[in-house]
Amino acid sequence: MPDLTHLTLTPTRGRTILATTEGIEQQAAVGLMFAAGLHGREVVAIHLHHDYDPHTGVLRVRGGRGSTPRTIRLAAMCRTALDTVLDAGPLHRWGPWSGTVTTRSGALVAALHRAGLAGDIHAPRHLALRLAWEAGRDPLRIARYFGVDGAVPPRGEVCDHGIPAALQQALS
């Protein structure tokens with residue numbers, strides 16, 4: 001597990017960043033980093049129509065190099081943001097982020113910087129991990145939900161373990 005004692009962001013600062021992020025696509029992307037603890041590379045790899053089920057609030061996280069594929073239930077704030085993106089109209093095949101992975105990554109970093117997070121791009125994920133830990137969730141289940149250190153959930157498991165609710169409560 002990562003060192004959760006080094007504080008990079010507070011929940012208050014996280015809420016401020018989420019509230020000041022402009023554009024529905026950027027709000028969804030930044031929200032997934034904070035309220036689902038996704039890596040930036042996981043966010044830009046999402047194929048929204050294929051990976052997100054709006055009826056169940058489940059997201060298939062494919063990962064990328066160094067990421068653990070998993071299926072997670074999303075916090076209500078993430079579901080709302082993704083539903084807004086889907087309702088806004090036709091999407092590029094990559095979802096709300098068009099262009100190459102490099103272009104999508106650049107757009108995500110720019111959105112974080114405009115929202116006032118000019119430092120560590122991993123800070124939203126670290127905050128989400130810390131909030132799950134502070135909510136008293138089981139370390140193995142935290143690892144599975146966030147795909148930490150290759151912790152693979154059992155086949156077919158939708159990771160929830162109360163983590164989306166804890167993140168929703170801390171960040172709303």
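Please specify each residue of the stretch 37-52 satisfying the condition of being over 11 Å from the mean Cα position of the chain (by Cα) and open to solvent by 60 Å² or more (accessible area, probe 1.4 Å).
Scanning the stretch 37-52 gives HIS49, HIS50.
What is the residue count in the stretch 142-165 for residues that are among the aliphatic types (A, V, I, L, M) and closer than 17 Å to LEU127 by Cβ?
Looking only at that region, the number is 5.
Mind listing just one residue for me: the one in the stretch 132-171 that is modelled with pLDDT under 90 and open to solvent by 70 Å² or more (accessible area, probe 1.4 Å) and, of those, nearest to HIS39 (Cα to Cα)?
Filtering first and then ranking leaves ASP149.
As an exercise: evaluate SER105 against (1) surrounded by 16 or more Cβ atoms within 10 Å (Cβ to Cβ); (2) at pLDDT 80 or above; (3) not charged (D, E, K, R) and give the number of the one condition it does not meet.
Of the numbered conditions (1) surrounded by 16 or more Cβ atoms within 10 Å (Cβ to Cβ); (2) at pLDDT 80 or above; (3) not charged (D, E, K, R), the odd one out for SER105 is (2).
PRO164: in contact with a Cys (Cβ under 7 Å, 6 or more places away or on another chain) and in contact (Cβ under 8 Å) with a residue 40 or more places away in the chain, yes or no? If you could, list the steps in order and put the result at the bottom.
Working: in contact with a Cys (Cβ under 7 Å, 6 or more places away or on another chain): no; in contact (Cβ under 8 Å) with a residue 40 or more places away in the chain: yes.
No.
Within the stretch 20-36, identify whether any single residue is modelled with pLDDT under 85, open to solvent by 50 Å² or more (accessible area, probe 1.4 Å) and outside any helix (DSSP H, G or I), and answer yes or no.
yes
Would you confirm whether or not the stretch 69-85 contains a residue that is at pLDDT below 85 and open to solvent by less than 50 Å² (accessible area, probe 1.4 Å)?
Within the stretch 69-85, not a single residue is at pLDDT below 85 and open to solvent by less than 50 Å² (accessible area, probe 1.4 Å).
How do the pairs read when you match residues in the stretch 144-159 that are in contact (Cβ under 8 Å) with a residue 12 or more places away in the chain and more than 16 Å from TRP133 (Cα to Cα) with residues anywhere that are of a type in the set (D, E, K, R) and outside any helix (DSSP H, G or I), using Cβ under 7 Å and keeping only pairs 6 or more apart or on different chains?
Going by the 7 Å Cβ cut-off, the qualifying pairs are PRO153/ARG70; VAL158/ARG73.
The values are calculated or read from the model by the stated rules, or taken from the named source; none is laboratory data. Fair warning: this is a prediction, and the values are worked out from it, not measured in the lab. A quick note on method: Cβ atoms are made from the backbone with ideal geometry, for glycine too, and the neighbour counts reach across all protein chains shown. Quick note on the areas: whole protein, heavy atoms, side chains included, nothing else; ligands and nucleic acids left out. Shrake-Rupley method; radii C 1.70, N 1.55, O 1.52, S 1.80 Å.
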